[in-house]
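Comments concern the structure below.
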Amino acid sequence: MKKINLVTGIMYVIGGLLFLSIAILTNSKLDSLFFGFAGAGIAPGIMMIYKYVYWSSPQNKERYLEKLENEKIERHDELKEKIRGKSAQYAYAAGLFVISFSTVLFNILDSLEIIENGNIFVFYLCGYLLFQIIIGIVIFRYLMKKY
């Protein structure tokens, strides 16, 4: 495994610890956000370091090379590349539709003074992100079964 993976993992952990220390040492309205960034840095960083140590051990080197070969084959499979492109195109079109509809809907709700709190936008954008991820996976799997 490449050393850059270890360095990246260490940098994630350091960044997460930095955010954790900021969240603990300060008393602001952004503390929950800093705790979230800390978790988002520390957890993946530890996993990257663990994977580096695990795959770099002598008894796992052969399995790691086999895993890399399989990933390379999967990544360059022409059918899967084409299907990934198609599913991305369909997910993009669905996303454009949802954003267009949402813009009109939120404009109407704002004009009628139904929306007063901005938190709904944060929750909506989180839901939209999940929608984009899920619709991309669903379309990819549908197209894989079709072909």
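The set of residues from the stretch 128-145 being under 16 Å from LYS80 (Cβ atoms) and surrounded by 15 or more Cβ atoms within 10 Å (Cβ to Cβ) comprises GLY136, ILE139, PHE140, LEU143.
Taken together, GLY45, GLY41, GLY85, GLY95 contain a single residue that is modelled with pLDDT under 90 and in contact with a helix residue (DSSP H, G or I) (Cβ under 6 Å, 6 or more places away or on another chain), which is GLY95.
The values are calculated or read from the model by the stated rules, or taken from the named source; none is laboratory data. Just so you know, these numbers come straight off a predicted model, no measurement behind them. No Cβ is skipped: glycine too gets one built from the backbone with ideal geometry, and neighbour counts run over all protein chains shown.
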